[in-house]
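A short worksheet on the structure shown next.
The values are calculated or read from the model by the stated rules, or taken from the named source; none is laboratory data. All values reported here derive from a predicted model rather than from experimental measurement. Here Cβ is always computed from backbone atoms with ideal geometry, including for glycine, and neighbour counts include all displayed protein chains.
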């Protein structure tokens, strides 16, 4: 195989031999859509997500990049280029809930009921509460994700969202000690806490840290049910301009450093976003070894 790739796209290198294969695939299937071509190519390459589903959306982007660079000729798009992508409708927020104050000691509120609500009848309520009461509002997650609601005597008290981890995060990557290659193979074994909302009428000390402890003991099992693989590490960011992250520290999350304040698309060295604390939570003493199993060499500090 040639040493120099023609293109690199989302972590995959494409070599001249691959371009020949793609051209032959296109020639062998005249008249099919670009989406169908991407599925066929994924199947030919066995290019799949961790849950076994083919990566056809990423593959379509790769094919388009090759097309625009002149390496292949894709069939004409079946949708006009000017076709606008419809904006996702905001979740309904007019839920009629008992909003009388919930106060007192944590022991008086227990036991809490935890419900994983993605693809359930409670998901719309989760979305609406996040949209109405979280300062960031609701954003539809991309990739692997789960949604949780926490109930006390049938009244919701908190909501929590988890999704696929960010591609690169310096403090986390240094803490784990993995190489870019192993990170690419093991990133699906991490989950990122994107939203955590204790509902505004709930004022119970230590509730948030209790919820973090409870979720850490079950999220890997839930993730494996949905996506056919476990989790070995959790992470989140805390905006220090708004919060101190006290509940995470009380739940034994580890402070790893701060973000750079630059988005992934920021090509300059300018700080364009607020700095956030990076916090992590290993789900086992052997988390480094499990995250680095994809490599022939152990992670740095794998025995720590």
Looking at the structure I just gave you, is residue 119 in a loop (DSSP other than H, G, I, E, B), on the phi > 0 side of the Ramachandran plot and either free of Cβ contacts under 8 Å to residues at least 12 places away in the same chain or not assigned by TED's automatic domain parsing to the domain that holds residue 217 (or both)? yes
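Residues are listed down the side, and each one gets a yes or a no for (1) surrounded by fewer than 17 Cβ atoms within 10 Å (Cβ to Cβ); (2) over 23 Å from residue 226 (Cα atoms); (3) not assigned by TED's automatic domain parsing to the domain that holds residue 230:
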position: 26; (1), (2), (3): no, yes, yes
position: 42; (1), (2), (3): no, no, yes
position: 48; (1), (2), (3): yes, no, yes
position: 56; (1), (2), (3): no, no, yes
position: 61; (1), (2), (3): yes, yes, yes
position: 77; (1), (2), (3): yes, yes, yes
Among the residues of segment 94-111, is any outside any helix (DSSP H, G or I) and under 23 Å from residue 219 (Cβ atoms)? yes
Does segment 11-56 hold any residues that are in contact with a strand residue (DSSP E or B) (Cβ under 7 Å, 6 or more places away or on another chain) and not in a strand (DSSP E or B), and which are they? 39, 42, 43, 47, 55
Can you find a residue in segment 12-22 that is closer than 25 Å to residue 188 by Cα and touching a residue at least 24 places away in the same chain (Cβ under 8 Å)? yes
Filter segment 80-101 for residues that are surrounded by 10 or more Cβ atoms within 10 Å (Cβ to Cβ) and out of contact with any strand residue (DSSP E or B) (no Cβ under 9 Å at 6 or more places or on another chain); the one that is modelled with the highest pLDDT is 99
Among the residues of segment 216-243, what is the count of those that are closer than 23 Å to residue 173 by Cα and touching a strand residue (DSSP E or B) at 6+ places or on another chain (Cβ under 8 Å)? 13
Every residue from segment 185-211 that is out of contact with any strand residue (DSSP E or B) (no Cβ under 8 Å at 6 or more places or on another chain), within 20 Å of residue 256 (Cα to Cα) and surrounded by 20 or more Cβ atoms within 10 Å (Cβ to Cβ): 186
Got a number for residues in segment 107-129 being over 26 Å from residue 229 (Cβ atoms) and either surrounded by 15 or more Cβ atoms within 10 Å (Cβ to Cβ) or within 22 Å of the chain's Cα centre (by Cα) (or both)? 6
